[in-house]
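Below is one structure, written out as structure tokens, with a few remarks after it.
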Amino acid sequence: MKKVGIARALFYYYYYPLWKTFFQEMGAEVLLSRETNKLTIQNGIDLAVDETCFPVKVYYGHVQELCRQNIDYLFLPRVVSIEPRSYICPKFMGLPDMIKASMLDLPPVIDMVIDVSINNKMLKREIERIGKIFGRRQGNASAAYDHGLAELEKCRALSRQGFTLREAVKIWEGDPLPPLPGPFDLNIGLLGHGYSLYDPVISMNIVHTLREMGCRLYFPEMLEMEDIEREAATLPKRVFWTLGRKMVGSSLQMEKDPRIDGIIYLASFGCGPDSMIGETIERKMKDKVYMLLTVDEHTGEAGLHTRLEAFCDMLRRRRSISHESYLSSHG
Amino acid sequence: MKVTFPHMGNACITINALLKGLNLEVITPPPISKKTFELGVKYSPEFACLPLKLNVGNFIEALEKGADTIVMAGGWGPCRFGYYAQVERDILKDLGYEFEIVILEAPDHQVSELVQQLKSLGNNISLWKAINTIHFAWMKLQAVETLEKELEFCLPRVIDKSLLQKIYQTALQDTDAACSRKKIQQILHQAVLEMREIPQSRQQIIKIGLVGEIYTILEPSSNYHLIDYMGYLGVEVTRAIYLSDWINDHLLGGWIKKSHNRHIIRSSQPYINYFVGGHGQQTIGYTVDFARRHYHGVIQIAPLTCMPEIVAHSILPRVSEAENIPVMTMYFDEHAGEAGIQTRLEAFVDMLRRKNRRQDNSKEA
Ligand code: SF4
């Protein structure tokens, strides 16, 4: 059986169930790199140019690990655009070329182009092209891809319930449902690009830490797409980065949600879209406390911990004050 | 209505001609200075790229001078530039400035659309006058670029470099003020003659190709005057980007002159096989092209965190090896120090000179 290596980074978080199902139906076995760890990071930092963002460095580390395994193909998708008239980011568009330039002796690469910025035609052709690599007849790969999409939908249903994308993938793979954390006394909207936010090493465990501090977390994946798009459309110009627009729409929607006490945006240092979107949101936030956290490989976990603690304390204080003033003005 | 716009090298001369031709009152922002940097840095998002910060600085200084309308270009990504105008408007409004902003969204290959956009910006302008104005502005641009190329050629060669700079600066000012086509030609002709008459030294010239992000290449203050400094080191710099090429390729769809772009994109393969925004592909394509034209080296410049250029930068080592050409990448932000930049440039040029000498020697032997 042919083995296909997939990096546990970047769009793994958004598409793994689709990709895994697809390749399995192509008759291949899927090999995933391990969870991000010290070695992944070290390799990534060594291989990638200094100026690139942390998530891309981490991706390099994962690919490096896969290359040392016994795999027949390396899956390196070029995710240009996953919806009309929008992009992810230039780095996603150049990723296969970047990896090829920095690592010699790569196994044969499957560099599937995912670009639906204009229409679906190219994607369909790409699916069939990959089908051919595995000796599939016309139409066969498309059916597998559709099946993959159905699996992906199962996973997304889990994330709508409040599991992070990482947890959702695990449950989808058959892990038992984790016990619900709690109890909570604060409700926080937590935003960021999925591959940063849900990678415990990149995000320095922000999800776990906040839950431990008594926060019930609301993620963008829990919101309705319609609501997100409606809110994002209130900006004078359409945000042409898919994730950026999702973050703007989510934060505006969360601002309206009376349950939510405060909003945190985890941005990556060196991320182009984040450098514009993080502040655009800040300017729009009128009624809710908003914290923009920018992290990279040099950020210390202790410092982050302190900031989160201070944020939670502040929210609790505010709540008790507004509670008191409510009592006094009506008492 | 008092119109202003952001600086980008000598583009102000062309833009001035354009806006004045549309019967608009123009307020050119003061030349980019330390104060422009300070204002831009103070009010822009901390991690935004340098061009955005300098735009903000330009706008604040122009609004203070009485401008009430900003003309700015737009775009649809994936590079951040397409969202600049949005963020800049929010920043300035939050600072309390009152103004209008006109965003020219780059029409993809539709000349007529651009003409329309300009016509409607103009103050009661006939279509004929609009077209005429565009033509006149284009002529100024051509003259300015001829001057720039002449400067880039002469600077490493002439002995009296400050005289050369003086002739160049005067010619630019005169071109800006010129009101007729004939006058533009005269100024150009005269300046080129004078520049060529300055005695030249016989020092061996090192040739370097300059690739990278368009603003950083065109706006000297954003690259800490790299081209001038290279001239003083006896290095001839050839830029990958001239404003006229960009306008021709992106706004006019190759309408005005033959485009080089196809050839460059072809040269970029197999190293980079997809559009990555900005000039990422061109950076690779031109590096290959310079190597094949036997340049001694290539320097890539960009604002820190520029995404398309980081993609290119990640690929350049492979190009450098396969095409056998030394390449150096430099990023710029407000924290860059002139001394550090100059040291790096000197070291790179020294290396090229040594390599060149070795090659000459081995050829003789
Ligand atoms: S969107 Fe930001 S974090 Fe993601 S790859 Fe691009 S620059 Fe990096």
Exercise. Considering amide H positions built from the backbone, and no H for Pro or chain starts, which residues 5 or more places from residue B:332, or on another chain, come under 5 Å of its amide H?
Worked result: B:302, B:304
For this session: Name the residues whose placed amide hydrogens come within less than 5 Å of the amide hydrogen of residue A:216, ignoring near sequence neighbours (fewer than 5 apart) on the same chain.
Result: A:185, A:186, A:187, A:188
Exercise. So what's the gap between the Cα centers of segment B:329-354 and segment A:92-158, to the nearest angstrom?
Worked result: 42 Å
For this session: Sticking with the crude label model, points 7 Å out along Cα→Cβ, report the distance from residue A:150 to residue B:193 in nm, one decimal please.
Result: 8.2 nm
For this session: Identify all lysines with a Cα-Cα distance to residue B:207 below 23 Å; exclude those on the same chain that are fewer than 8 residues away in sequence.
Result: B:149, B:161, B:355, B:363
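I need the calculated FRET efficiency for the pair residue A:307 and residue B:246, taking r as the beta carbon distance and R₀ as 45 Å, to the nearest 0.05.
The calculated FRET efficiency here is 0.55.
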Seminar exercise, completed: In nm, the gap between the two label points placed 7 Å beyond Cα toward Cβ at residue B:90 and residue A:229 is 2.2 nm
For this session: Can you spot the aspartates and glutamates whose alpha carbon is less than 15 Å from residue B:42's alpha carbon? Ignore those fewer than 8 places along the same chain.
Result: A:279, B:61, B:88, B:90, B:94, B:333, B:334
For this session: Considering only protein heavy atoms, with the full assembly of protein chains and a 1.4 angstrom probe, order A:129, B:292 by accessible area, largest first.
Result: B:292, A:129
Exercise. According to a simple spin-label model (label point 7 Å from Cα along Cα-to-Cβ), what is the distance in nm between residue B:170 and residue B:273?
Worked result: 5.6 nm
Exercise. For residue A:184 and residue B:339, what does the FRET efficiency come to when R0 = 45 Å and r is the distance between their Cβ atoms, rounded to the nearest 0.05?
Worked result: 0.25
Exercise. Given H placed 1.01 Å from N in the peptide plane, which residues other than close sequence neighbours of residue A:267 have an amide H under 5 Å from its amide H?
Worked result: A:293, A:294, A:295
Exercise. Using the membrane-span-like helix rule (whole DSSP H runs, Cα extent along the own axis of at least 30 Å, mean Kyte-Doolittle hydropathy at least -1.0), which helices of chain B qualify?
Worked result: B:127-154
Exercise. Any idea what angle helix A:301-330 forms with the longest principal axis of chain A, computed on alpha-carbon atoms, 0 to 90 degrees, nearest 10?
Worked result: 40 degrees
Exercise. Restricting to lysine pairs 8 or more places apart or on different chains, what number in segment A:3-159 have Cα atoms under 21 Å apart?
Worked result: 12
Seminar exercise, completed: Here the percent of antiparallel bridges among DSSP beta bridges lying wholly in segment B:211-365, to the nearest 5, is 0 percent
Exercise. So what's the back-of-envelope 222 nm ellipticity for chain B, counting only DSSP H runs of four-plus at -39500 (n - 2.57) apiece and dividing by all residues, rounded to 500?
Worked result: -18000 deg cm²/dmol
Seminar exercise, completed: The FRET efficiency for residue B:359 and residue A:257, from their Cβ-Cβ distance with R0 = 60 Å and rounded to 0.05, is 0.30
Seminar exercise, completed: Note to self, chain A gives a 222 nm [θ] from helices alone (DSSP H runs n ≥ 4, -39500 (n - 2.57) apiece, / all residues, nearest 500) of -16500 deg cm²/dmol
Exercise. Among the DSSP beta bridges whose two residues both lie in chain B, what percent are antiparallel, rounded to the nearest 5?
Worked result: 5 percent
Problem set entry | Degrees separating the helix A:38-47 axis from the principal Cα axis of chain A, which is the longest one | 70 degrees
For this session: Starting from segment B:129-213, pick out the trypsin sites (Lys or Arg not before Pro) whose DSSP state is loop and whose Cβ has at most 15 other Cβ atoms within 10 Å.
Result: B:202
Seminar exercise, completed: Across all Cα atoms of segment A:3-159, Rg and the largest Cα-Cα distance (Dmax), in Å, are 15.3, 44
Seminar exercise, completed: Under a Gaussian network model of chain A whose springs join Cα atoms within less than 10 Å, the largest fluctuation of A:234, A:40, A:294 belongs to A:234
Problem set entry | Length released on extending from residue A:237 to residue A:138, taking residue separation times 0.36 nm less the Cα-Cα span | 31.5 nm
Problem set entry | Rg/Rg_ref, segment B:2-106, where Rg_ref = 2.2 N^0.38 Å and atoms are Cα | 0.99
For this session: Please give the average number of partner chain Cβ atoms lying within 10 Å of the Cβ of each residue in A:82-95, rounded to a whole number.
Result: 6
Seminar exercise, completed: Measuring from the longest principal axis of the C-alpha atoms of chain A, the long axis of helix A:12-25 (C-alpha) lies at a number of degrees, nearest 10, equal to 30 degrees
For this session: Could you pull the accessible area for residue B:89 with a 1.4 Å probe, rounded to 10 Å²?
Result: 40 Å²
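The values are calculated or read from the model by the stated rules, or taken from the named source; none is laboratory data. In this text, all values refer to a predicted model and were calculated from it rather than measured experimentally. Quick reminder, even Gly has a Cβ in these numbers, built from the backbone with ideal geometry, and neighbours come from all protein chains shown. Accessible surface is based on the protein model in full, side chains and every heavy atom, while ligands, DNA and RNA are left aside. Shrake-Rupley method; radii C 1.70, N 1.55, O 1.52, S 1.80 Å.
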